[in-house]
Amino acid sequence: MSILIDQNSRIIVQGINGRAGSYFARRMHEYGNNVFGGIAPSYGGGWALEGKVPLFDTVQECVKNTDADTSVIFVPAYSAADACFEAMDAGIQNIICISAGVPIKDTAMIRSRLKHNEAILIGPNAPGVFSPEKAMAGVFPVDFAVEGRLGVISRAGSLTYDVLQTLFENGIGVSTAVGLGEDCMSGTSIVECLDLFEMDAHTDNILIIGQPGDIQEETAATHILESITKPVYAYIAGESIDPAQIIGHTEICMFDPQHNSQKKIEVLAQSGVRIAHRMQEIPGILKSKAG
């Protein structure tokens with residue numbers, strides 16, 4: 001079992017004619033054969049991936065013809081909000097926005113619209129959702145992950161792939177890996193994913209991969225203490241970084257020293273979350289029966 005996507009998901013790709021959209025649509029289709037359509041305005045009626053995936057001008061038309069329930073968005077940052085709105089209006093349940101560099105104000109507008117829809121937004125700037133041996137909706141590498149009973153929630157980007165490889169090399173399977181995106185504001189929170197995994201009968205343990213900035217991990221700590229019954233583990237990147245240091249694309253998030261890695265680790269540990277201080281420690285704490 002998994003959350004958000006599985007072997008029955010009907011995935012479409014918005015921006016399938018772009019370089020990234022075409023490349024990852026092919027990878028998604030080859031992995032699970034779940035890609036049922038692509039959105040490419042003015043190319044409706046044509047085909048992508050050598051005749052394997054039909055093209056449509058609009059999401060509405062695509063949903064009408066394919067009963068799609070999940071959309072993966074590969075469009076320029078300036079078009080991401082409109083693409084998300086179009087998916088919502090068409091009744092798409094799971095919207096996964098891979099687009100990077102989406103302005104915070106646009107993300108805020110998308111989140112505001114989500115309050116009036118039943119859709120779930122993963123992203124922007126997200127790796128997506130990966131259910132090993134079932135389906136992949138995003139940009140995950142699929143060669144080093146097997147089906148299992150560990151749910152993974154990540155705010156980190158490519159670090160997520162390293163963690164999945166570490167789990168794979170140690171024989172630990174994953175029910176679903178959800179990459180929420182590295183931006184300070186995202187559509188779906190750690191708390192919301194925790195609730196989804198809590199309700200999934202085929203997920204036994206939950207691993208959070210966090211990073212400096214934002215308050216998501218602190219909020220999750222309180223929620224875990226009050227509402228989550230399954231064992232939760234965490235690896236927070238950047239533990240050794242000076243809280244005042246600004247690094248790369250996380251510079252806005254890192255600017256507030258109140259939300260550094262050490263603080264997050266402390267709060268999570270107080271909520272009963274077992275902490276891995278290095279990525280290599282993750283398999284050990286997952287396999288350990290110690291409290």
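Throughout, read-outs are computed from the coordinates displayed, never taken from laboratory work. Keep in mind that what you see is a predicted model, and the values were worked out from it rather than measured. Cβ: placed from backbone, ideal geometry, glycine included. Neighbour counts: every protein chain shown.
Exposure proxy ranking for Leu114, Leu121, based on other Cβ atoms within 10 angstrom of each Cβ and starting from the fewest, stands as Leu114, Leu121. Think of the chain as having a plus end and a minus end, set by charges on the Cβ of Lys, Arg, Asp and Glu; of Val102, Ala87, Leu164, Leu164 sits farthest toward the positive end of this dipole.
Of the residues Thr58, Tyr23, Ser71, the one whose Cα sits farthest toward the positive end of the charge dipole of the chain, with +1 on the Cβ of Lys and Arg and -1 on the Cβ of Asp and Glu, is Tyr23.
With the largest listed first and rounded to whole Å, the semi-axes of the equivalent ellipsoid of the chain from the Cα gyration tensor are 32, 21, 16. First check a/c for region 1-92, with a ≥ b ≥ c the square roots of the eigenvalues of its C-alpha gyration tensor; if it is under 1.5, answer rounded, and if not, answer prolate when a/b is larger than b/c or oblate otherwise. Rounded. Each of Ser79, Ser261 has some number of other Cβ atoms within 10 Å of its Cβ, and from fewest to most they run Ser79, Ser261.
If each residue's Cβ is checked for other Cβ atoms within 10 Å, how do Tyr78, Tyr31 rank with the fewest at the top? Each step should come with its number before you reach the end.
On the way: Tyr78 12, Tyr31 19.
Fewest-to-most Cβ neighbours within 10 Å comes out as Tyr78, Tyr31.
Per-residue Karplus couplings for region 136-143, computed as 6.51 cos²θ - 1.76 cosθ + 1.60 with θ equal to phi - 60°, are listed in order as 9, 10, x, 10, 5, x, 10, 7 Hz, Gly and Pro entered as x. Once the Cα-Cα distance is subtracted from the 0.36 nm per residue extended length, the Ser158 to Phe144 segment shows a gain of 3.7 nm. Each Cα pair under 8 Å and six or more residues apart adds its sequence gap; the mean of these over the residue count of region 11-122 is a relative contact order of 23 percent.
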